[in-house]
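Let me begin by presenting the structure, written as structure tokens, before commenting on it.
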């Protein structure tokens, strides 16, 4: 079975770990999993190109992730960061671990030599052996910026409050998504092309899976890469998704702050609606089983909390079961 | 008193620490020390621009140096390097410490933004407060390469063995200067200009000092920056030097391997001869007091082992005393 999954960071990575665990337990293998990773929260800090979502998937599936926080490296140290602070190097709101920095050094060096991000990601994965083929959604730089009010800016002539755009990471990490997102912009996405292999992985999949990643800044930006959403609409494979919302709140992270920005309710049904042009099956938590679903979407209610790998494997198994029914 | 010193790495830095200690003890201060640092052993590794000699001076005078080895940071850790090795990132013969990497990150980022090395060095020194004005000899990239035999190469038609050029750091750090240096090349030096402030610091000095740095790859390359040697010849200040050779052997490092490459004997007199067009005074060890000196060079014999800061301060004081006699 060829499974193609879109993925953001922590939620997507944990789901994928469960998926691989589930696949390992099946007798009908081997199976191939291709992951199309979000790159729109990538950022350049201290001259290093950082791909938080790709790295979270790579570290999680490769056994290097910090087990509790779900991002960053296990056994991390912070010698470099402490020194950068001594130099007063900005920003100081994003702390890079020493182990993590090695990844960014290898990546930045390869990018500087002209290798595309997809080749860099493949090289990094040669070490981590994540058990999936990890593809960036695009080799072209795309960065999510968030438009927020600027209390120090001049209001416009008609009294509209001043706004400013900050990098997604600044809004998310430094500001904890507290300032209302007036707009969320994926800068560079119109000119971006899907990375090599991305469209084929969708066209040739037996199942396409949407893990419970952020529907706006992770899945949403992946789908916004020109040609990508059309490929998902066109694939013959059933498309099944796992709701990132349980009972009106995100399972993890601050997806509600992102959904509000695009005028979408924080509910399992509203998220399914974002995907209604291609979604075949939708897993929701038992409490959301009565949600009105978009036409053509088959609802399935199962416990959705990814409390451990076993529980997550069960969710992934339920998603594949639903796909098999739809297929 | 305005003192301008040329300096390489460990030997130069230790001498300068002694010089500052000596100046602190004098009643006729304040004194200004400008250091013109060698940049020809700079190297780019893992995408980071590394300036070993500038950093050794900065860390030594700023109190951050590893006390025993004389280079690198005290209390250093190696989290990044261990991970780089896991990735198989080359080269692995040059191990970068975490604290040190922060310096290179700040430098590389600023260089990437277009700041010249002199501005970067000033910014780094704003933290370290080395007590001197530290100037790179040039803002233009200059790299010392060493021509060595290539046992795997094809000999030429006339039977001349094949040679290859390696970066100075590879010869020095990886190969421990063991392969005979057929030639030592300062790549880029013909096109280089002295960094801002360098020529003025020489012209306006009351004393010019040559610490016991490597006469070929440190002092030699500084002097080879176009215009720099002429400025030292032209300055009205007395020029005094400290021999890096005691009794036919380098005090530290592998200067003999470099001297052989340029056909110069490893002796205090032969090194003085390299500087004979501008040298006024030359400090040698007591055992070298009978050396024949170039005409016009005043010899002074004092103990030259920089065993601790006090001993080094005495050497620096003797150098300044000699300059005062010449002045």
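The values are calculated or read from the model by the stated rules, or taken from the named source; none is laboratory data. What you see is a predicted model; the values in this text were computed from it and never measured. For neighbour counting, all protein chains shown are included, and Cβ atoms are generated from backbone atoms with ideal geometry for every residue, glycine included.
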### Task
Answer with yes or no whether residue B:120 is part of a helix (DSSP H, G or I), at pLDDT below 95 and over 30 Å from residue B:236 (Cα atoms).
no
### Task
Could you run through segment A:196-234 and say how many residues are within 30 Å of residue A:177 (Cβ to Cβ) and surrounded by fewer than 16 Cβ atoms within 10 Å (Cβ to Cβ)?
2
### Summary
Of those in segment B:49-71 that are closer than 20 Å to residue B:143 by Cα and not in a helix (DSSP H, G or I), the residue modelled with the lowest pLDDT is B:71
### Residues (in contact (Cβ under 8 Å) with a residue 40 or more places away in the chain, more than 26 Å from residue A:85 (Cβ to Cβ) and surrounded by fewer than 20 Cβ atoms within 10 Å (Cβ to Cβ)) located in segment A:21-51
A:21, A:25, A:32
### Summary
For segment B:9-48 the number of residues that are in contact with a strand residue (DSSP E or B) (Cβ under 8 Å, 6 or more places away or on another chain) and closer than 24 Å to residue B:73 by Cβ is 17
### Task
Mind listing whichever residues of segment B:52-87 are facing chain A (nearest Cβ under 7 Å) and crowded, with 23+ Cβ neighbours inside 10 Å?
B:79, B:80, B:84
### Message
Here is a check on your reading of the model: is residue A:265 more than 15 Å from residue A:318 (Cβ to Cβ), over 20 Å from the mean Cα position of the chain (by Cα) and surrounded by fewer than 18 Cβ atoms within 10 Å (Cβ to Cβ)?
### Response
no
### Query
So which residues in segment A:88-110 are within 9 Å of chain B (Cβ to nearest Cβ) and surrounded by fewer than 18 Cβ atoms within 10 Å (Cβ to Cβ)?
A:88
## Note on the structure
Only one of B:141, B:155, B:151 is assigned to a loop (DSSP other than H, G, I, E, B), out of contact with any strand residue (DSSP E or B) (no Cβ under 6 Å at 6 or more places or on another chain) and closer than 12 Å to residue B:49 by Cα, namely B:141
